[in-house]
1. Under the rule of -39500 (n - 2.57) per DSSP H run of 4 or more residues, summed and divided by the residues of the protein assembly as shown, what mean residue ellipticity at 222 nm is obtained, to the nearest 500 deg cm²/dmol?
2. Sort out for me the Cα centre separation of the stretch B:121-135 from the stretch B:145-185, rounded to whole Å.
3. Please report the net charge: other residues with Cβ closer than 15 Å to the Cβ of A:GLY58, K and R +1, D and E -1.
4. Where a ≥ b ≥ c are the square roots of the eigenvalues of the C-alpha gyration tensor, would you call the stretch A:3-112 rounded, which needs a/c under 1.5, or, failing that, prolate if a/b is larger than b/c, or oblate?
5. What spacing in nm lies between the two simple spin-label points modelled at A:THR203 and B:GLU211, each 7 Å away from Cα in the Cβ direction?
6. Quick check on the stretch B:69-109: take the gyration tensor over C-alpha atoms, sort the square-rooted eigenvalues as a ≥ b ≥ c, and tell me if it's rounded (a/c under 1.5), prolate or oblate.
7. What is the antiparallel percent of DSSP beta bridges lying wholly in chain B, to the nearest 5?
8. With the crude spin-label approximation of a point 7 Å out along Cα→Cβ, what separation in nm comes out for B:VAL108 versus A:ALA83?
Amino acid sequence: MKMSKTGLAVIFAAYVLVPLLLGSNSYVMSLIVAAMIIGGIALAWALLGNLGGMVSFGHSAFFGVGAYVSAILTMKAGVPVLAAMLLGGVGAVVASLAMLPVLRLRGPYFALAILAYAHIFKILATEWTSVTGGSAGLASVPRFPTLMGFDLSSKTGSYLIVLSLLLVFIAAYRVIRSSHYGIALRAMHDSEDATRVVGVNSTLLKALMLFVSAFMTGVIGAFNVHYINFLEPDYAFSGLWVTLPIVAAIFGGYRTILGPLVGAVTVYLVDQLIFKNLIPSGHQLILGALLVAMIIFSPGGLMPLLRKGTRRKHAAA
Amino acid sequence: MLRLEDLSVRFGGLTAVNTVSLSVGTHEVVGLVGPNGAGKTTLFNAVSGLVKPSSGRILFDSTDMLRTPLHRRARMGIGRTFQIPQPMHELTVRENLIVAQRFGTGAVDARKIDEVLEFTGLTDKAERHAATELALTELKALEVAKALATNPKLLMLDEVLAGLETNGKRRFMGMLKELHEKFAVGILIIEHDIETISNLCHRVAVLNFGELIADGTPDKVFRDPEVIKSYTGASDA
Ligand SMILES: Nc1ncnc2c1ncn2[C@@H]1O[C@H](COP(=O)(O)OP(=O)(O)OP(=O)(O)O)[C@@H](O)[C@H]1O
Ligand SMILES: [Mg+2]
């Protein structure tokens, strides 16, 4: 896979400069980690939208299931935290199996059906008290371990974990997008019949994208629970885990890979640092208004807007 | 190779295809003609799996197609073109063929794709964006190329010559004749032009209001009074 010089410089800065310069400021680090958590979900959500052509309002289910699976496995089965996080992703994939029947639905119907499914998991987490702790939730969920003398549960350690997760997600997204599956998924967008008659199993490909997206979201949910160390149904399955990423992904441009991440950092920081001070409660209303404006003025999001100059030249060639 | 037994397709109260029995042998070229709205395209859609027959059977190499999912029919050897060209919109011409080949045959063979591009005259357009940068003749050629890339045994062509100017038509005709030999396919072709059909086909079947009203050699069929009547009724089309 090709990686640009700018890309390498950004990765270097993210791994070395950010911890060195900001690592001691725990408020700033926690803002960054929170933004990256939103970014991870936004990336997973955008992958499903961009490659699978599906709009999901149910990603909070994957986030919550990933969190619960990982928390329970570490607390009740003694599974090491880092392994449990991956299993949290697997748990989210299993949860997404329940959503397969709705794959046949299109557009808003799919979005609504998946939203209903999401609610089912929240009820499950609330009622299955013996395992999930019910509405009281789980306290003292294990922290990240210390690895070779380095405390991963510190702000900087957690930051490095989520950073690494995001980089793996980006790499996986790029591999999928340029694979034959990725090309076939792109082909399906406006030409599903034409694509199916040459032998593409469109339902299967969409299901695979749902699995990948669910896995990523579940891992992020698992990361988050070991980062904050507690869990309750209302928090784990909160609608914010999907609305904020959607705003971020659309704001940044959901058809690009980096757009949702840039969008997440921008949206989250602007929301926390500016809007929250202006209107302490209900500040998310401003995000909604911005989103509407964005969809009207630049339906492709922020990234395409930034790149417009270069695109134009390219298209003319 | 392909056998339809009493095939019917109904849309609500409309019977678009009405108890049609028809077969296409390996390496045979069969014309499918009939006035507008006769049910020709619907018959193709039933064979390729885009519409569900209401009754009857579709057998391909003795396999029941009604139990075969749509996407597997390409692998079995059923290829088709669309009357209104349907390129895969977001892709280049070459990517269109890559998808067709990878999913229609299970393998990737860049040489074969170059060969198909060459044969259909699309080599120069290979890296062009399929939906926005092709002329009608090229879009029609891409329809054929996509189908060929899946390595079909049966090629169903839906009015691939319609709308082309005389020269383009002649070149396309030449290509179709050569294709039959070179790729060793059986062909089922929908076409309005009697001369084209007579020139190309071993056999011709005539649909009228969804019913098969004639099936035989072009010579015989085009002299059948009933066929002539259905045809002159729609000759302004
Ligand atoms: N998906 C559909 N839903 C409802 N009616 C349909 C559908 N597809 C076709 N029809 C109807 O079925 C009949 C047969 O249509 P079809 O397209 O098969 O005709 P055709 O023989 O291909 O005509 P043409 O020469 O104009 O292409 C028409 O009356 C058409 O309106
Ligand atoms: Mg037709």
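Just so you know, all these numbers are worked out from the coordinates, no wet-lab data involved. A quick note: this is a predicted structure, and the numbers were derived from the prediction, not measured. Cβ coordinates were reconstructed from backbone atoms using ideal geometry, including for glycine residues, and neighbour counts include every protein chain displayed.
1. Calculated mean residue ellipticity at 222 nm is -18000 deg cm²/dmol.
2. 17 Å
3. +2
4. oblate
5. 3.6 nm
6. The shape class here is oblate.
7. If we restrict to bridges inside chain B, about 55 percent are antiparallel.
8. Once both label points are built, they end up 3.5 nm from each other.
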